[in-house]
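The values are calculated or read from the model by the stated rules, or taken from the named source; none is laboratory data. Source: prediction; values computed, not measured. So basically every Cβ, Gly included, is an ideal-geometry build from the backbone, and we count neighbours across all protein chains shown.
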Amino acid sequence: MDRVAKQRFMAIFIGFIMVASMVGFAMMGYRPEGPGPVEVPNVLNRTLTPEERVGILRNGKVIIEYFYNVTCIECLEKEGMYKDFVELKEFEGYLVLSHGTSENETMDWMLNLDGTQIDLTGINSTRGLRELFCDVAFIKPNICILEEI
């Protein structure tokens, strides 16, 4: 190979490296569009789908699931307590309540970021519910942070 052929080969090689770098850099910036964040209201009168559960938990929210037998009279009071708690201004955007009646299964628990079920059967006051929520929440509202201080 003569000197001109070597220079031409090096020029093509360097050009190839430059083009490959640009393509690689462009591909790093490309992100395929996946499903966006799941948007659900704070209070739902139905069970959540698995996709909704995962989306809510990935957003750092805590889920309260409360389903009870239709014949339970005192359960309405607890359901009202959960609704009032979730709708408090301090906890807006931190909690989702899924509630209703069920013929076959009673559910009364809280789900946190890692999917752990925390039993709520012994909780009968908003204060106890707030303390438990502040303990398990990954993203804490200001009221929880102030109570820690």
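Observations
- Test: residue in region 18-34 that is part of a helix (DSSP H, G or I), polar (S, T, N, Q) and surrounded by 10 or more Cβ atoms within 10 Å (Cβ to Cβ): yes
- Some residue of region 114-122 being in contact with a helix residue (DSSP H, G or I) (Cβ under 9 Å, 6 or more places away or on another chain), among the aliphatic types (A, V, I, L, M) and at pLDDT below 90: no
- Residue check, Thr106 free of Cβ contacts under 8 Å to residues at least 12 places away in the same chain and among the hydroxyl-bearing types (Ser, Thr, Tyr): no
- Only one entry in Glu51, Glu65 is exposed (fewer than 14 other Cβ atoms within 10 Å of the Cβ), outside any loop (DSSP other than H, G, I, E, B), assigned by TED's automatic domain parsing to the domain that holds Gly122 and under 16 Å from the mean Cα position of the chain (by Cα), namely Glu51.
- Filter result for Glu103 (farther than 22 Å from Asn59 by Cα, out of contact with any strand residue (DSSP E or B) (no Cβ under 6 Å at 6 or more places or on another chain) and modelled with pLDDT under 90): yes
- Scoring Asn104 on the criteria (1) touching a Lys or Arg at 6+ places or on another chain (Cβ under 8 Å); (2) at negative phi leaves a single failure, condition (1).
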